[in-house]
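Working notes for the structure below.
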């Protein structure tokens with residue numbers, strides 16, 4: 001098929017190729033392209049390779065520490081082995097209750113985080129634009145901001161009629177402040193020359209807001225959303241562990257109470273994967289909304 | 001739009017008894033004082049002066065961003081009260097919207113005016129074609145060179161058909177070669193559109209090469225020190241920069257600016273003082289090097 005004689009003459013190759021067989025695209029060019037692709041993506045391939053190796057090393061270490069029940073300051077006596085966790089994972093994915101825990105946590109994140117974004121972003125934009133609103137809202141925000149969302153748990157239980165609502169509220173609070181603060185920060189960094197340029201081109205207040213302030217703040221808004229999403233998960237898991245009856249945080253805590261140690265690690269890994277997935281969603285959304293920033 | 005400008009000869013800028021001061025803790029600081037300038041319809045006028053003399057302040061007042069402390073700025077008899085699309089502005093830092101493509105940047109003024117999408121896209125394409133940028137219409141500004149960015153900046157300012165064009169050291173950030181090309185492009189556009197131009201620069205050659213008339217400002221507080229007619233014929237060629245006429249104008253402006261620059265630096269450095277310096281640098285004294 002690919003003898004040197006055929007490669008040098010594609011026409012001949014086409015003529016002699018068996019009918020129906022795919023004609024190989026001129027091979028030398030293809031391999032040159034492949035070589036170039038490897039050269040251009042060298043760094044990424046390297047990172048991928050080392051990353052995979054490092055993950056495997058982590059799993060092997062985990063496996064060794066647990067099979068030999070190492071006790072060296074920390075005790076691995078009761079820590080589940082990776083294979084045990086995998087076994088409980090294969091069991092859990094067929095268990096509707098486990099899936100329900102995950103879905104419920106995702107729903108809480110979705111509602112709490114979306115509300116935080118829907119309130120935090122516009123409020124930050126308005127605070128950045130109108131001094132009076134800033135002067136009124138900022139002191140209150142500064143007082144409430146340092147309070148960790150977890151510290152709100154008792155108060156939230158008192159404030160909201162149902163447990164579900166109080167957990168969503170905790171999630172909301174966790175993501176709200178990073179979103180608000182970063183949006184506001186983005187607004188203060190808008191280049192005043194761009195605002196002047198817009199004014200010179202006949203833009204009025206609302207157009208300047210829409211065409212300059214908002215897009216100029218978007219990178220910081222997305223920083224806020226990314227950070228906010230992280231804190232939302234932290235807050236959610238804590239709230240679920242304290243006051244939940246459902247959710248992946250509750251699942252993890254319940255596993256400890258029921259002495260199902262493999263499920264503890266499963267819960268933790270599930271939380272990690274969900275957190276990673278949701279920040280990837282936000283990053284993808286950011287690239288979609290800000291095409292000028294992706295190369 | 002160029003036809004309208006031709007027929008009615010619009011774009012007469014008039015700055016009278018102008019002064020502008022800033023409020024500081026130590027009291028008011030005068031940036032510009034007792035200044036009168038004017039730009040006739042279709043005229044190209046430059047303002048040169050030492051750095052910090054208030055030439056940009058003056059331009060920003062004409063644009064409508066700063067209010068004069070006293071005096072008045074008018075365009076065609078109407079007092080300037082704020083920025084408007086009738087006074088196009090080009091900034092040194094290009095100030096293109098990074099989130100808009102080249103074409104969207106050019107369309108911006110037309111969009112603000114409410115022109116339908118299809119029409120303004122066509123208008124922007126035509127203008128970009130004139131500036132040799134049609135191949136880049138869908139690029140984001142970040143990917144353009146400095147000269148291309150500033151061409152977009154100029155085209156964007158001209159897209160709405162303003163009566164006057166204000167430029168604040170537009171080529172200051174460009175390298176010498178690009179700057180010369182940009183000067184040529186600006187001259188061509190100006191001649192085609194017959195628009196009035198007020199151009200701020202600290203580059204004397206640039207001011208002479210481009211302008212019909214040059215105002216030279218004093219050190220802070222800035223005022224007009226001299227007004228120089230540039231009688232060089234048009235169209236201007238690069239070769240003119242070597243002519244004796246050009247060089248004579250250059251020498252004259254140089255000495256005016258030099259005087260003011262020294263004043264701005266404290267006014268104490270004199271040639272005598274320089275010779276008094278005897279610090280050795282690789283065997284040469286500073287006076288030799290200077």
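The values are calculated or read from the model by the stated rules, or taken from the named source; none is laboratory data. Given the structure is predicted, the values throughout are model-derived calculations rather than measurements. For neighbour counting, all protein chains shown are included, and Cβ atoms are generated from backbone atoms with ideal geometry for every residue, glycine included.
Worth a mention:
- For the stretch B:173-201, a residue qualifies if it is modelled with pLDDT under 90 and part of a loop (DSSP other than H, G, I, E, B), and the qualifying residues are B:173, B:194.
- Taken over the stretch A:204-222, the residue count meeting the criterion of being within 8 Å of chain B (Cβ to nearest Cβ) and closer than 14 Å to residue B:98 by Cα is 5.
- Of the residues B:120, B:87, B:113, the single one that is closer than 14 Å to residue B:160 by Cβ, touching a strand residue (DSSP E or B) at 6+ places or on another chain (Cβ under 9 Å) and within 13 Å of chain A (Cβ to nearest Cβ) is B:87.
- Which listed residue, of A:225, A:201, A:180, A:266, is within 14 Å of another protein chain (Cβ to nearest Cβ) and surrounded by 20 or more Cβ atoms within 10 Å (Cβ to Cβ): A:201
- Evaluated against (1) away from chain A (no Cβ under 12 Å); (2) part of a helix (DSSP H, G or I), residue B:132 falls short on exactly one condition, (2).
- Taken residue by residue, the stretch B:35-45 has no member that is touching a helix residue (DSSP H, G or I) at 6+ places or on another chain (Cβ under 8 Å), without any contact (Cβ under 8 Å) to a residue 40 or more places away in the chain and either surrounded by fewer than 23 Cβ atoms within 10 Å (Cβ to Cβ) or in a loop (DSSP other than H, G, I, E, B) (or both).
- Residues that are in a loop (DSSP other than H, G, I, E, B) and at the interface with chain A (Cβ under 7 Å from one of its Cβ atoms) were ranked within the stretch B:90-110; the one that is nearest to residue B:196 (Cα to Cα) is B:91.
- Scanning the stretch B:68-84 for residues that are within 14 Å of chain A (Cβ to nearest Cβ) and part of a loop (DSSP other than H, G, I, E, B) yields a count of 5.
- Restricting the stretch B:138-150 to residues that are surrounded by fewer than 19 Cβ atoms within 10 Å (Cβ to Cβ) and under 19 Å from residue A:291 (Cβ atoms), the residue that is nearest to the other protein chains (Cβ to nearest Cβ): B:142
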